[in-house]
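Asks: Take a look at the following structure, please.
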Amino acid sequence: MNAMTWYRAALTVGAATLLVGGPAWAQPQPAPYAAAAAPSHSDLEVVRLDPDSAPPGGTTTIHGFVANLGPEATNSPMTVTVTLPRGVTPEEPYFPDTCEASPNGRQVRCVFPPGLKKDRSATALVPVSLDRDLKVGAVLRGGSVAVHSPDDRNGQNNRQEFEIEVVETSPGL
């Protein structure tokens, strides 16, 4: 006689309960525990970069530039959120391709993986089109770039505003 150990389990499917069994080595096992890395000690800083000026109906690109001032590389993902001023609309494609616009188009959220090393940077690129009815000479305010990560130990430098200047179309364009 084989001294193999057997298991029995009940499996409910809809309103029916099935009894299943088999050798103990075939019993379903829980997934191995994947411990999340402890947050690092990093200082993420948003650097202000105003986008290029653009004419009404034209396009420009918002640069969500984030630097890791250290002292360690990030162990957690970081989220860069670009809040757009009134008068612009986000236009795909974004970089990285993990970026997503909010349903109302007022924000674009980009998630970067862990591993941004000390003294390195990451940039989210968000192309926008300016409304056609904007007045030349207007300055669009209310836009910002912010970063969030559990690794960041200094919240004082996590957000910067930007402005977009509305200019005339260049001759020949």
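The values are calculated or read from the model by the stated rules, or taken from the named source; none is laboratory data. Treat the numbers as computed from the prediction; the structure is a model and nothing was measured. With ideal geometry, Cβ positions are generated from the backbone for all residues, glycine too; neighbour counts draw on all protein chains shown. Surface accessibility is based on the protein's heavy atoms, side chains included, excluding ligands, DNA and RNA. Shrake-Rupley method; radii C 1.70, N 1.55, O 1.52, S 1.80 Å.
Asks: Check whether at least one residue in the stretch 56-68 is open to solvent by 20 Å² or more (accessible area, probe 1.4 Å), over 25 Å from Gln156 (Cβ atoms) and touching a Lys or Arg at 6+ places or on another chain (Cβ under 9 Å), and report yes or no.
Replies: yes
Asks: List pairs: first residue in the stretch 78-106 and at positive phi, second residue open to solvent by 30 Å² or more (accessible area, probe 1.4 Å) anywhere in the structure, Cβ distance under 7 angstrom, at least six positions apart or on different chains.
Replies: Cβ pairs passing all conditions: Gly87/Asp131; Gly87/Leu134; Gly105/Thr89.
Asks: Select from the stretch 110-127 the residues that are over 20 Å from Pro71 (Cα atoms) and surrounded by 17 or more Cβ atoms within 10 Å (Cβ to Cβ) and list them in ascending order. Before the answer, list the steps.
Replies: The first filter runs over the stretch 110-127 and keeps only residues over 20 Å from Pro71 (Cα atoms), leaving 110-111, 124-127.
If the condition is that a residue be over 20 Å from Pro71 (Cα atoms) and surrounded by 17 or more Cβ atoms within 10 Å (Cβ to Cβ), then Cys110, Ala124, Leu125, Val126, Pro127 are the ones that fit.
Asks: Answer yes or no as to whether Ile62 is in contact with an Asp or Glu (Cβ under 9 Å, 6 or more places away or on another chain) and either of a type outside the set (Ser, Thr, Tyr) or farther than 30 Å from Pro39 by Cα (or both). Reasoning before the result, please.
Replies: On the way: in contact with an Asp or Glu (Cβ under 9 Å, 6 or more places away or on another chain): no; either of a type outside the set (Ser, Thr, Tyr) or farther than 30 Å from Pro39 by Cα (or both): yes.
No: the conditions fail for Ile62.
Asks: Does Val111 fit the bill of being touching a residue at least 12 places away in the same chain (Cβ under 8 Å) and more than 14 Å from Val46 (Cα to Cα)? Reasoning before the result, please.
Replies: Values: touching a residue at least 12 places away in the same chain (Cβ under 8 Å): yes; more than 14 Å from Val46 (Cα to Cα): yes.
Yes.
Asks: When the residues of the stretch 137-157 are narrowed to those that are of a type in the set (Gly, Ala, Ser) and either within 16 Å of Leu84 (Cβ to Cβ) or touching a Cys at 6+ places or on another chain (Cβ under 7 Å) (or both), which ends up most open to solvent (accessible area, probe 1.4 Å)? Steps first, please.
Replies: Of the residues in the stretch 137-157, the ones of a type in the set (Gly, Ala, Ser) are 137-138, 142-144, 146, 149, 155.
Okay, now just the ones that are also either within 16 Å of Leu84 (Cβ to Cβ) or touching a Cys at 6+ places or on another chain (Cβ under 7 Å) (or both), so 138, 142-144, 146.
Details: Ala138: 32, Gly142: 50, Gly143: 0, Ser144: 6, Ala146: 29 Å².
Of everything passing the filter in the stretch 137-157, Gly142 is most open to solvent (accessible area, probe 1.4 Å).
Asks: Next question. Working only within the stretch 42-70, note down all residues that are closer than 28 Å to Lys117 by Cα and not in a strand (DSSP E or B).
Replies: Going through the stretch 42-70, the residues closer than 28 Å to Lys117 by Cα turn out to be 42-51, 61-70.
Asp43, Arg48, Leu49, Asp50, Pro51, Leu69, Gly70, listed by residue number.
Asks: To continue, here is another question. Looking at the stretch 69-86, can you tell me whether even one residue there is hydroxyl-bearing (Ser, Thr, Tyr), over 24 Å from Gly155 (Cα atoms) and open to solvent by less than 30 Å² (accessible area, probe 1.4 Å)? Can you show your working first?
Replies: Going residue by residue through the stretch 69-86, those that are hydroxyl-bearing (Ser, Thr, Tyr) are 74, 76, 79, 81, 83.
From what's left, over 24 Å from Gly155 (Cα atoms): none.
No, that holds for no residue.
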